[in-house]
Amino acid sequence: MALMDFIKKQFIDIIQWTEDSDGTLAWRFPMRDMEIQNGATLVVRESQLAMFVNEGKVADVFMPGTYKLTTQTLPVLTYLKNWDKLFESPFKSDVYFFSTRQQIDQKWGTPQPITIRDQDFGMVRLRAFGNYAYRVADPKLFHTEISGTRDNYTVDDLDGQLRGVILQHISTAIAASGVPFLDLAANQIMFADALAKDLTPALEKIGLKLEGMTVQNVSLPEELQKILDQKIGMGMVGNDMGKFMQYQTAQSIPKFAESAGQGGGIAGDAMGLGAGVALGQVLAQNLQQGLQGGGAAAAPQAAAPQGAPAAAAMKPEEVMATLEKLGELKSKGILTQEEFDAKKTELLKKLV
């Protein structure tokens, strides 16, 4: 019976792995009912590592190259099996191959908003997502901590674990970066660098090397987004409050003109003639004068010639009512366009 078993055995002359698909991190060479011939050839291609495991104990690790398997090239395995230096019989051993290529474009993200502590706003919530790349750097550690004795271990098998590790480190990475929450969206590279620095030790513990980390988007809560928009607006006008109010007024004029135009009637016609734009300019000017103090507003009156009758001030609703009447006269042909424009300018000067 022992003789028949010996005859049935197959002896392996070449041990190699040609990857037939992407995403494989570890692969075990099939050894069922087979033994490795002494002097067999081991081929380890670029972007691969090979490792011999004897009865659960990691033995020899081979870098890329071609090797003749003898007691000289397998010193650890020789020691574990207590071989003599001249040992030449076939032997059994588990052989694992590891892919050291970069596993690129791995996605990460926050499925739900996460709460972080911010130096400006206290506790805030955010969403973020991006991608990263890694490779197997330490096959011994990766084998003992992650892949084990499985025939095949893939990127998909590890994906959930790595996503969880990244989410655990986002809060500490933001704190370590020193970037205020409102500036995160504009400093995604700095955020990514801080996250990568925080993640590197965690991946090294399982035999991986982080090769790249990107933050593609940071979503702010709606209320903080409004604050960020206002901050940008202030920056556009140099933090001058008068100019900022003019900026706000200018932003609202198109909406006011659109709503007036949609409302129809004489008010819509007046806005179509440009009354809305002129009104916005006058309002912005009056507002700025009010912010600068009463002295600035009084200066034009002091410069007026003595004895000149002061123009009677009018409220905005009175001006609009008068413009409506003038618009009717113009539409009936009683007033020309030039006369209407002159009256309109005169009325706008009387706004209080």
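On a 27 Å Cα-Cα criterion, which of the cross-link pairs Lys92/Lys205; Lys107/Lys209; Lys81/Lys140 come out too long?
Lys92/Lys205
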Taking N as the number of residues in the range 103-221, the ratio of its alpha carbon radius of gyration to 2.2 N^0.38 Å works out to 1.13
Per-peptide average of other Cβ atoms within 10 Å, ordering 42-48, 31-37 highest first | 42-48, 31-37
Distance between modelled label sites at Glu55 and Asn131, nm, 7 Å Cα→Cβ extension = 4.7
In nm, spacing of pseudo-spin labels at Ser171 and Gln225 (7 Å Cα→C-beta vector) = 2.5
How high is the FRET efficiency from Asp159 to Asp193, r the C-beta distance, R0 22 Å, rounded to 0.05?
-> 0.45
Find the percent of Cα-Cα distances in the range 11-99 that exceed 24 Å, and round it to a whole number.
-> 13
Name the residue farthest towards the positive end of the dipole of the range 103-221 from the options Ser177, Gln112, Asn187, assuming +1 on Cβ of Lys and Arg, -1 on Cβ of Asp and Glu, about the Cα centre.
-> Gln112
Return the distance in nm (one decimal) between the two label points of a simple spin-label model at Asp20 and Asn152, each offset 7 Å from Cα along Cα→Cβ.
-> 0.8
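Laboratory data are not the source of any read-out in this text; all were calculated from the coordinates shown. Everything quoted here is computed from the prediction, not taken from an experiment. Every residue, glycine among them, receives a Cβ derived from its backbone with ideal geometry; neighbour counts consider all protein chains shown.
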